[in-house]
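One structure is given here, and the rest of the page talks about it.
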Amino acid sequence: MASFATLDTFAERFSESRVLVRLDLNSPIEDGTVQDNRRFERHARTVSELADAGHRVVCLAHQGRPGRDDFAHLDQHAEVLAAHLDGSVQFVDDVCGDEALAAIEAAAPGDVLLLDNVRMHDDELADRDPADHADSELVQRLAGVADAYVNDAYSAAHRGHASLVGFPHVLPAYAGRVMETEYEANSAIASREFDGTVTMAVGGTKATDVIQVMDAIGDKVDAFCLGGIAGELFLRAAGHPVGGDVGDSNRFDEQWERNEETIRAVLDERGDQIHLPLDLAYEGAYGERSEVDLWEVEEKVTSFLDVGGDTVDAYRDIVADSEAVFVKGALGVFEDERFADGTVGVLEAIADTDCFSVIGGGDTSRAIEMYGLDESAFSHVSIAGGAYIRALTGEPLIAVETLRDCRPKTEA
Ligand SMILES: Nc1ncnc2c1ncn2[C@@H]1O[C@H](COP(=O)(O)OP(=O)(O)O)[C@@H](O)[C@H]1O
Ligand SMILES: O=C(OP(=O)(O)O)[C@H](O)COP(=O)(O)O
C-alpha cells in the first residue's frame, strides 16, 4: 500500500486553508492552442473538492520542457481548467515572486489560482535530492504562505523536481484524488498475473522513458509492438537507415545518443519479444499518406509519421491473440487523420477483444474520443505515461515515496 495521507484526512485537519496543489496539466499544443484532455477533467475533480470545501486552492503545474516548442506559460491552461470547474481560475503570471505571494495572500475561501509554469523557475529542474529541493527559493517562498501541500500529479511522480518532492519536507503533505486513484490502479496492475500473452504497444515521443525500463518490464511482457520514435530507434539499432533527425525534427539523435547502448542490449537479449515496423508512412508530394516498405528505405529523407498498413495488420493479429495489452504512447501522429492508422488500429483491435487493457501516455488517450472509440472498452485509461510504465515494473516513483516518507506525523 502507498500509505500516504489522502484528502480524507486533510479534510479532518484543515478548514479554509491556503493549500498548494501540484497538478500535471502538461498538454499537447497545436498551432499555439493548448488542447483540452483528460488531465484537466480529472484534476478538476480534486480542485473542486478542495475549493467547494472553502480552501484557497493554489495550483502549480508545468508545460513542456525549456528549449522545446511546447514550453509555454499557463494562461490558457487556467481557462481550460476553469471550463471543467463551476467557478473561475485566476492565472498568476509569476511562479514564486512577490506577485505570486501577494495573489496567494489575497485569495478568498473557495478561490482557485494557477501560478505560472514552475519550469520557468530554475529551481524546479535543478539536479538536487528532495531535502535540498526543500531548501530552494521556489519551495521556501511558496511554503511560507501556505498551510499544506497536495500532490495530485501522479503522471509526473517519476520526476524528482522541486515542486514534486520539495514541499512534503516543509508542509503537511497529502495525495490528491488523481494521485490516489492512479496509484492504486497501476500498483494493482503491477501485481497482477496473466496466463496468456501479454503485449505492450510502445510509441510516442519520449522513447527514453520506455527504453530505460524495457528490460525490467520485459519479464512481464511477451511481445512489444513498437512504433513512434522508439520504433525508429530500434530499427536504427537493427541496421536500418532510419531513426535519425531530418529537417526540423529534434527527437531522434539526442535520444539515440542517450540510449544506444541500452537499445542494443535490449534488442540483443529480448529480440524474440520485439516486433518492429515492417513499413512506415510519410507525407507524400501532394500531402497524401504514402507508405514505404522498410527494406526499400535506403536513406531517411523525410519524417515517418506512422507505421504502415502491413505493420498495423501484424500488430492487430498480435493484439487479437493477447490476454492483456498495455499501450504506452501513440504509434503515429494520430492527431492528423492521415497518420492515425497505427494508433487507432491497435486501439480498435483491443476494443474488439475482451483482453485486460491499459491505455497510457499523456496524449494517447485523446485518440479514444477523437476516433469515436468507447472508453468502457478499455480496463483502465491512465493519464500517465512514463510514471505508469515505471509503476508496472514495481520501480518506486520518487514523488510517491516522498509523500509516504513525509506523511504527517499526526496521521502515521
Ligand atoms: N513518428 C512520430 N513522429 C512524431 N511524433 C509522433 C510519432 N509517433 C507518435 N508521435 C506523437 O507522440 C505523441 C504521443 O505522446 P504520448 O502518448 O504522450 O507519449 P509520450 O509521452 O511518449 O510522448 C502524439 O502526440 C503523437 O503525435
Ligand atoms: O506528460 C508527462 O509525462 P508522460 O508524457 O510520460 O505522461 C509528465 O508531465 C512529465 O513530463 P516530462 O516528461 O516533461 O517530465
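Only the coordinates and a few stated rules stand behind these numbers; no lab work does. Quantities reported herein were computed from a predicted structural model and do not represent experimental measurements. With ideal geometry, Cβ positions are generated from the backbone for all residues, glycine too; neighbour counts draw on all protein chains shown.
According to the square roots a ≥ b ≥ c of the eigenvalues of the Cα gyration tensor, what is the shape class of segment 9-149, taking rounded for a/c under 1.5, prolate for a/b larger than b/c otherwise, and oblate for the remainder?
In terms of gyration-tensor shape, oblate.
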For Met200, residues with placed amide H under 5 Å, excluding near neighbours
Ala223, Phe224, Cys225, Phe326
Could you tell me the distance between the Cα centroids of segment 164-211 and segment 373-401, to the nearest Å?
4 Å
For segment 296-368, state which GluC sites (Glu not before Pro) are in a DSSP loop and have at most 14 other beta carbons lying within 10 Å of their beta carbon.
Glu298, Glu299
Diffing segment 187-203: the Karplus 3J(HN,Hα) column from phi (6.51, -1.76, 1.60, θ = phi - 60°), in whole Hz with x for Gly and Pro, holds 5, 5, 5, 4, 8, 7, 10, 10, 7, x, 5, 10, 10, 10, 8, 10, x
Spatial separation of Cα centroids for segment 224-300 and segment 109-154, in angstrom:
38 Å
Can you give the helix-only mean residue ellipticity at 222 nm for the chain, where every DSSP H stretch with n ≥ 4 adds -39500 (n - 2.57) and the sum goes over all residues, rounded to the nearest 500 deg cm²/dmol?
-11000 deg cm²/dmol
Taking trypsin sites (Lys or Arg not before Pro) as candidate sites, keep only those in a DSSP loop with at most 13 other Cβ atoms within 10 Å, then name the longest stretch of the chain containing none of them.
193-412
Calculated from backbone phi, Karplus (6.51, -1.76, 1.60) coupling profile of segment 375-386 in Hz, x at Gly/Pro
4, 6, 6, 10, 5, 8, 10, 8, 8, 10, x, x
Within the P(r) computed for the chain, what percentage of the Cα pairs occupies the region above 39 Å?
20 percent
Length-normalised contact order of segment 188-393 in % [C-alpha pairs under 8 Å, at least 6 apart]
23 percent
Qualifying GluC sites (Glu not before Pro) for segment 185-262 [loop in DSSP, other Cβ within 10 Å: at most 11]
Glu193
Quick note, segment 212-281: a/c under 1.5 would make it rounded; otherwise a/b > b/c is prolate and the rest oblate (a ≥ b ≥ c, C-alpha gyration tensor); here it is prolate
Given backbone amide H placed at 1.01 Å from N, residues whose amide H is under 5 Å from that of Asp70, ignoring those fewer than 5 places away on the same chain, are Arg65
Report ³J(HN,Hα) in whole Hz for each residue of segment 332-339, in order, from the Karplus equation J = 6.51 cos²θ - 1.76 cosθ + 1.60 where θ = phi - 60°; Gly and Pro get x.
x, 7, 5, 4, 9, 3, 5, 10
Mean separation of Cα contacts under 8 Å, 6 or more apart, over the residue count of segment 290-412: relative contact order %:
20 percent
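Treat every Asp and Glu Cβ in segment 188-393 as -1 and every Lys and Arg Cβ as +1, leave all other atoms uncharged, and give the resulting dipole magnitude about the Cα centre to the nearest 20 debye.
Numbers: 15 positive and 42 negative charges, 145 e Å.
Here segment 188-393 has a charge dipole of around 700 debye.
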Once amide hydrogens are built 1.01 Å from N within the peptide plane, the residues lying 5 or more places from Asp279 or on another chain with amide H under 5 Å from its amide H are Leu294, Gly308, Thr311
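Assign one of three labels to segment 188-393, namely rounded, prolate or oblate, based on the Cα gyration tensor with a ≥ b ≥ c the square roots of its eigenvalues; rounded applies when a/c is under 1.5, prolate when it is not and a/b is larger than b/c, and oblate otherwise.
Numbers: a/c = 1.66, a/b = 1.23, b/c = 1.35.
Oblate, since a/c reaches 1.5 and b/c is not below a/b.
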